[in-house]
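Everything on this sheet refers to the single structure shown next.
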Amino acid sequence: MSNNGNKIELPASIVVRDLAQKIEKSPIDLIKKLMTNGVMATINQMVDYDTAAIVVAEYGFEAVPEAVEDDSKEETGEVPLWRQMIAGEDKSQLKGRPPVVTILGHVDHGKTSLLDAIRSTDVAAGEAGGITQHIGAYQIEMKGRLITFLDTPGHAAFTQMRARGAQGADIVVLVVAADDGVMPQTREAIAHAKAARVPIVVALNKVDKANANPERVKQQLAEMELVPDDWGGSTMVVPVSAKQKQGIDDLLEGILLVADSNEIKANPGGKVIGTVIEAELDKSKGVMATLLVQNGTLQSGDVIVAGTAHGKLRAISDYKGKPIKKAAPSTPVLVMGLSDVPSAGDLFEVVPSEKEARTIVGERLEIQKTAAQSRKKLSLEDLFSKVQAGEAKELNLIVKADVQGSLDPIITELNKLGQGEIGLKVLHAETGNIGNNDVMLASASKAIIIGFNVQADVDARRMAEKEGVDLRLYEIIYRMTEDIEKALKGMLEPDFVEKTLGRATVLQVFTASKFGRVAGCRVTDGELKRGAKVRLYRSSDIIYEGDLSSLRHEKEDVKEIRQGFECGVGFKNFSDIQPGDTLVCYILE
Ligand code: GDP
């Protein structure tokens, strides 16, 4: 097979569409081939050289690495998205572009205040006057250089983007209140930034407060491997007061310095591609979407595809609402003319014609269908096979425990286990129940969640199921270490896996002579089955777990009942039911 004619040069990573083009095959066919090799990728996603080499071999090609200059990066995990985006660009055409910054931090530490303070430093924005429209991003000028800020504070936006494989920001500004110090969401933010390999600049906020204690915060940061520069470390920690607008210029200069040492580049004349920051349907204007251009130059009149939405851009405006003709890399723009509301984190790209746009969207919809049928997750059970196949070198974990006292020994145990061939990396460890944020972090970082003496919120369970996140609850430490040890050695017997059949809401409670107290329910999705397992929730607490012993529909005993129907449900040896409770019906497979 290795005749010269079949040799094909491949870069370190390549977009699926481009790979398909290169070997002159249909992208759908290629995606299906990838799937059969255990790789789920969308048409817009990057696959690495090794993966590409395996699939092209199936078409009879022999891959050879494309000659590259230098690029001595030791990155092994996630590669920043923009690097992936420019992977196919001519290196000589790459130019510096404004850094894109997102602000993360614990609630009330001053993210919103800081974004406002930064925005008000920009005289030009003030001169433009009027109320500037909030479009989810803005730009300011500092010493003649632009900085783009994503104006959607909170982790949700950042996490959502990461979970979708996108990554808008080049730099994270981590706000830590000097009077409060490192808090749970601070740790979460650090975990995210580290997993995404985005550099962090710390804004030590509220230094104006009498009880501010910057040294204590620096100590805490140092403990989290963010050693402040004035302590000889490499993390820039800038004291600021968002309220009194102090230190803002220093912070902006700090951002520029970090930007300079990270070579943030794009090709303004290259393939136009970027990320959807936010989008909504306006009653009179139609779909309004804020896009961040990340490579190439977007122009009004361009036809774009964003996720499964497409359209010819009728008008482009900047973040101040001023109509513009062109937007270079790192520019946030507001666009109109899309057929549908794309999701935050969707990638967009310019395509040659509306016809082509429709074809791509059609392909994507078909792929979504196929993908939904064979969702892949990294579960503890299949870890070993992944390692053997060279797909995983380490296991990412998120650990939640009831108290700090149990968290510490767990982490010590895990660190011991992670000494072998396969590393264990605890991305995030915290006390408290497992919530949505944990699942999003796990999904975005391909991690497994380990809960010790804690529960998972209803929403978190649902999301874990949807996102394909493996969530494992333990009550005894050695059970947990045993499982992980076995998984690392490839000896883990498949567990019983819980499969949700359906969900219902309790509308009323009545007493039936034969069954005792019965819950009058409506099935909200899936179906309920007599004899299956059931879990009853009151808000997020599990109040009953057991068998679904009786199931009736209009006085008839039934075996199962589907979504939309009402039914009476009786539980074995349990009668404390209240309207508003929800139940999840499941089986163990
Ligand atoms: P967020 O939840 O992180 O967005 O925090 P906010 O920006 O809403 O700020 C939370 C509270 O802290 C508000 O009452 C702010 O007025 C206050 N705050 C923010 N920055 C400062 C500061 O630099 N100094 C003082 N004293 N208060 C601040």
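The values are calculated or read from the model by the stated rules, or taken from the named source; none is laboratory data. Not measured: the values here are computed from a predicted model. Quick reminder, even Gly has a Cβ in these numbers, built from the backbone with ideal geometry, and neighbours come from all protein chains shown. These area figures cover heavy atoms from the full protein model, side chains too; ligands, DNA and RNA do not enter into them. Shrake-Rupley method; radii C 1.70, N 1.55, O 1.52, S 1.80 Å.
Side notes on the structure shown:
- Residues within region 44-62 that are at pLDDT 85 or above and in a strand (DSSP E or B), tallied: 1
- Strands (runs of 3 or more DSSP E) contained entirely in region 414-518, each with at least 1 residues that are in contact with a Phe, Trp or Tyr (Cβ under 7 Å, 6 or more places away or on another chain) and more than 30 Å from S549 (Cβ to Cβ): 447-452
- Residue list for region 527-564, restricted to those being modelled with pLDDT under 90, open to solvent by 30 Å² or more (accessible area, probe 1.4 Å) and within 36 Å of the chain's Cα centre (by Cα): K533, R538, S539, S540, D541, I542, I543, E545, D547, Q563, G564
- Residue within region 312-328 that is crowded, with 23+ Cβ neighbours inside 10 Å and modelled with pLDDT under 95 present: yes
- Number of positions in region 188-204 that are within 15 Å of the ligand (Cβ to nearest atom) and within 21 Å of the chain's Cα centre (by Cα): 2
- Inter-residue pairs, beta-carbon under 6 Å, first more than 17 Å from G502 (Cβ to Cβ) and assigned to a strand (DSSP E or B) and in region 567-589, second open to solvent by 10 Å² or more (accessible area, probe 1.4 Å) and not acidic (D, E), 6+ apart: F574/Y544
- Residues of region 98-109 classified as open to solvent by 10 Å² or more (accessible area, probe 1.4 Å), within 6 Å of the ligand (Cβ to nearest atom) and not charged (D, E, K, R), total: 1
- Within region 256-273, none of the residues are in contact with a Lys or Arg (Cβ under 9 Å, 6 or more places away or on another chain), of a type in the set (A, V, I, L, M, F, W, C), open to solvent by 50 Å² or more (accessible area, probe 1.4 Å) and free of Cβ contacts under 8 Å to residues at least 24 places away in the same chain.
- Of residues in region 205-244 being within 16 Å of the ligand (Cβ to nearest atom) and among the aliphatic types (A, V, I, L, M), the one surrounded by the fewest Cβ atoms within 10 Å (Cβ to Cβ): A210
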